[in-house]
Amino acid sequence: MSANATIIGSVTRQPSAEDLGGLATVDVLEIRADLVGEVDLDELRAHFGGRLLYTLRSRSEGGAGPEGGHEREERLLAAAAVYDLVDLEAQRDLYPEILDQIPPQSRIISWHGKRPDLAALEARFAQMSSEAAHLYKLVSFAESPRDCLPPLVLLHHLDRDDVVAFAAGEVATWTRFLAARLGAPVVYGAVGKPPGAPGQPSIRRLEEDFGLPELPPVRRLFGLVGHPISHSLSPRLHNMLYHSLGIEHLYLPFDVPVFGDFWLDVVETGSLHELGFPLSGLSITSPFKEIALAVSGAASPLAERIGSANTLVRTTRVWEAETTDPDGIRGLLAWHQIDPAGRRAAVLGAGGAGRAAVFGLGIQGAAITLVNRSPERGRRVANDLGVAFLPFEEFDPGVFDIVVNATPLGSLAGDELPFDPEAMAPHGVVIDLAYLHDGPTPVVEAARRLGRTAIDGREALLYQAVPQFRAMNGVAMPIDLGRRILGLEASGSDE
Ligand code: NDP
């Protein structure tokens, strides 16, 4: 049976009706009074039935509140009279005038600081826990993968159910999810924007991508490595598949500025294994597909030929590299019953996605032209891949049967479109590899309005994940389930 985490929703601005409407899974609402000021609690309690937490994060611990003195004391004591919980900073709030007025069951004793090692965190916890509290919270700001590990090791050593410890920062979001598997009873999420701390995911993301508050058992870890990756739907796809299929795995977002740091400090050290969670497979995205191939101990012939890997799977001996990107294109064309053999195809973009699209279409016999903004890179890649090249300004979509957009252009509302869909041939098909979370991109919408066949980048994501999912988990992905998780139309064929 699944355990459940307590979700603490962090409020950093006056909450809107929309913010307050999305709190079904939130148990505790944290009012960041250092950012939002004092709020009308009657109004808040009318919309929210859970506990309320008052936090006056000081400037030296990453907030905007006072460091100490009369104002701080007065605000904390006033809050204690009306809030269920009050966050007390171990470095400034643990003195008799405050402790006498705020009972242990109402205290969260917290510490936020820069990159300490394990010994420093252990010493800090010893100091904090000399005062009784409902919960102890330790957050260290991380700049690199190595900084992410000490809070998790601390939790593992302490083995308590009244301590939450994780690393903050975009590179460390994953530690929040692992902390919940190491006994931390709460997970913080952002209610609205901005988040309460760098790397804090939204409540919606906690629910939709990680299935929180449920905490089903986890035996093995997987994840996505790239930079940046906060827009990726891969965690949602993999975790929701695990959830539906009863697979005891967890898929984490490893946002890694430098691949080598992650590889040496997290993967090769076996540190996650030591915490009880062996890291067993990785999806690799931009800009690390080439280096992923280089660090692997064995590679498939296709990965060798393309010169990049989007999948690393840990076998008993080594990390094996594979590329499933060409399958992304192949799978979606098959789903839409489009045979590219002998058709004229243009691929816009010469980055990793563009190269994979050229391979996917080339394997199936299309006549390909690579189109790129920067002619030097475009020509070089086209030469490498043995296809024709055209500069962006000379591109005419009307002369192609299939147009693949492998640039980020046109993926945001208000963006310039990568090309004019009206100029496409009436039978032309557009495949936009860029994708949005909640619906088609503007170029896909525009092409569909004109009656063209337009395929969404979420489909490419899905089909490259099909072989990846099998390689990582040893079972096939039910395609319709994957389509539904990504908000795509399903065929009913899984049933
Ligand atoms: P890269 O950064 O490797 O390459 C980006 C490409 O887009 C380059 O060719 C670049 O041209 C071009 N480009 C960028 N900005 C512009 C612009 N303003 N005008 C014209 N061309 C531009 O990115 P990726 O190849 O990794 O990804 C490209 C897109 O595909 C992204 O939106 C990504 O999210 C999406 N993607 C989708 C996947 C899926 O499964 N659906 C998988 C992988 C990626 P230049 O060489 O001149 O800089």
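Using Cβ point charges alone (K and R +1, D and E -1), the dipole size of segment 348-488 about the Cα centre works out to roughly 520 debye. For the pair residue 219 and residue 420, the difference between a 0.36 nm per residue extended length and the Cα-Cα distance amounts to 67.5 nm. When the chain is described by a simple charge dipole with +1 on each Lys and Arg Cβ and -1 on each Asp and Glu Cβ, the residue from 56, 316, 238 located farthest towards its positive end is 316.
Taken along its three principal axes, the alpha carbon spread of segment 338-459 comes to 35, 27, 25 Å, from the longest extent down to the shortest. Just to be sure I understand: of the beta bridges DSSP finds with both ends in the chain, what percent are antiparallel, rounded to 5? Taking every DSSP beta bridge within the chain, about 10 percent pair in antiparallel fashion. Here the gap between residue 132 and residue 13, fully extended at 0.36 nm per residue and compared with their Cα-Cα distance, gives a gain of 39.8 nm. Which of the listed residues, 427, 364, 455, is farthest toward the dipole's positive end in segment 338-459, when Lys, Arg count +1 and Asp, Glu count -1 at the beta-carbon? The residue sitting most towards the positive pole is 364.
Charges at C-beta only: +1 for Lys and Arg, -1 for Asp and Glu. How large is the resulting dipole of segment 238-328 about its Cα centre, in Debye rounded to 20?
Values: 4 positive and 12 negative charges, 33 e Å.
It works out to roughly 160 debye.
If the cut-off is a Cα-Cα distance under 29 Å, which lysines reach residue 114, setting aside same-chain residues fewer than 8 apart in sequence? By straight Cα distance, residue 114 reaches 137, 193. Around the Cα centre of the chain, unit charges on the Cβ atoms of Lys, Arg, Asp and Glu (plus for the first two, minus for the last two) sum to a dipole of about 1200 debye.
How many percent of Cα pairs in the chain exceed 31 Å? Each step should come with its number before you reach the end.
On the way: 60442 of 122265 pairs.
Everything past 31 Å amounts to 49 percent.
Given their separation in residues at 0.36 nm each and the Cα-Cα distance between them, residue 119 and residue 156 gain 12.0 nm when the chain is fully extended. The residue among 298, 472, 167 whose Cα reaches farthest toward the positive pole of the charge dipole of the chain, with charges on the beta-carbon of Lys, Arg, Asp and Glu, is 298.
Since every read-out is calculated from the coordinates, none of them should be taken as a lab result. All values reported here derive from a predicted model rather than from experimental measurement. For neighbour counting, all protein chains shown are included, and Cβ atoms are generated from backbone atoms with ideal geometry for every residue, glycine included.
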